[in-house]
Amino acid sequence: MVRNLLQRLRAHVLDQKLFPEPGRALLAVSGGPDSVAMLDLFTSLGPEVGLDLVVAHVDHGIVPESGGVAEQVAGLASRYQLPMYRATLGYLVTAHHADDQVETVVFRFLRGSGTAGLAGIPAEGAGGVVRPLLPFTRAELEGWLAARTAAGDEPLSVYRDPANVRDRHDRSWIRHRLLPHLRQRFGHRVETRVLDVARHAAGERRAWSALLRTLPELEFRSEDGTAEVARAPLQKYDKLLSEALLRALAREAGCIVGPRRAVGLQQFAVSAPSGRRLQLGGGWEAELSFDRLRIVAADRAVWD
């Protein structure tokens, strides 16, 4: 499984069309084993799919060794003869993997997320973000690095963040405490079942997005980080249907609206007068103009 990881990654990237056009790709390398494995894999795969690779590392300066980690990443960039600087990007490639997905879905479930939230981490995000490693596990990525070393290659230096093993962080507690108990009780297919939930939820999320475009009376429009619909249909639909459509509308703009906030958004959409605005959190607003409702970033909330 480890030895053919590159072939499986290549097949996944091509099948999902994660990089539909050639472009510059910023590899977000923290220095941990996951992102170092991603860097190593993409030095082979990147040129095949037309990517001009750039290594990026953010030194947050929050731990004493952060400066040394930055030097390690710089050394890796030099080893692969890749630039390490800020530039205009085509893609930002992160090393989120299947274990991250499992932990995200469980964490959101425990926080009462709606169905769309249980879809977990999307393979593609705003601003050219691409997460090509989501089908692969942490063990596979670490196995890839170990196999490279076993084959006689010079070991790739990695940094293991001690915060990842501290149970006071919710995600670490889920990883080191909760999931082992679930495996002991339900077997090692726990992760597979959680990922199945994420796939089903992602399919449902795509269905709501398609419905926005299918119902002609909604007159759905989306461009440049905004999304809007006609208000009148929302006043006729069942309340729960309107809430689900409005959550899908917000996602089209890039805004995440949870089930509780969707209740207020639905009431706003069907009853507030034209010209009113509703804060949605995270720098987003809903605004009304006559027969239209629009989701937009707060700093751009001036109706054209």
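The values are calculated or read from the model by the stated rules, or taken from the named source; none is laboratory data. Please read all numbers here as calculations on a predicted model, not as lab measurements. Backbone-built Cβ (ideal geometry, glycine too); neighbour counts: all protein chains shown. Protein only, heavy atoms only, side chains kept; ligands, DNA and RNA dropped before computing areas. Shrake-Rupley method; radii C 1.70, N 1.55, O 1.52, S 1.80 Å.
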* Asked: Where only protein heavy atoms count, and the probe is 1.4 Å, what is the accessible area per residue for the chain in Å²?
  -> 53 Å²
* Assigned charges on the beta-carbon of Lys, Arg, Asp, Glu; region 189-289 dipole about Cα centre (debye) -> 340 debye
* To do: Would you mind checking which residues have amide H under 5 Å from Leu82's amide H? H placed 1.01 Å from N; only 5 or more apart, or other chain.
  => none
* Structure fact -> Charge tally for neighbours of Ser242 with beta carbon under 14 Å away, counting Lys, Arg as +1 and Asp, Glu as -1, is +2
* For Ala25, residues with placed amide H under 5 Å, excluding near neighbours -> Asp52, Leu53, Val54, Gly90, Tyr91
* Asked: Hey, rough spin-label estimate for Arg277 and Asn164, points 7 angstrom out along Cα→Cβ, what's it come to in nanometres?
  -> 4.1 nm
* Structure fact -> Of all trypsin sites (Lys or Arg not before Pro) in region 1-50, the ones in DSSP coil with at most 15 other Cβ atoms within 10 Å are Arg3, Lys17
* To do: Please compute the Cα-Cα pair-distance distribution of region 226-270 with 10 Å bins starting at 0, giving whole percents from short to long.
  => 32, 61, 8
* Mind checking Rg over Rh on the chain, alpha carbons, Kirkwood formula for Rh? -> 1.02
* Structure fact -> Calculated from DSSP helices alone, with each H run of at least 4 adding -39500 (n - 2.57) and the total divided by the residues of the chain, [θ]222 nm to the nearest 500 comes to -14500 deg cm²/dmol
* How long is region 34-192 along each principal axis, judged by its Cα atoms, biggest number first, in Å? -> 47, 34, 33
* To do: Please give the FRET efficiency for Arg79 paired with Arg171, using the beta carbon to beta carbon distance and R0 = 35 Å, rounded to the nearest 0.05.
  => 0.70
* Principal semi-axes in Å for region 172-242 [√(5λ), Cα gyration tensor, largest first] -> 40, 13, 12
* **Sites matching chymotrypsin sites (Phe, Trp or Tyr not before Pro) across region 82-173 that sit in DSSP coil, with at most 16 neighbouring C-beta atoms within 10 Å** => Tyr85
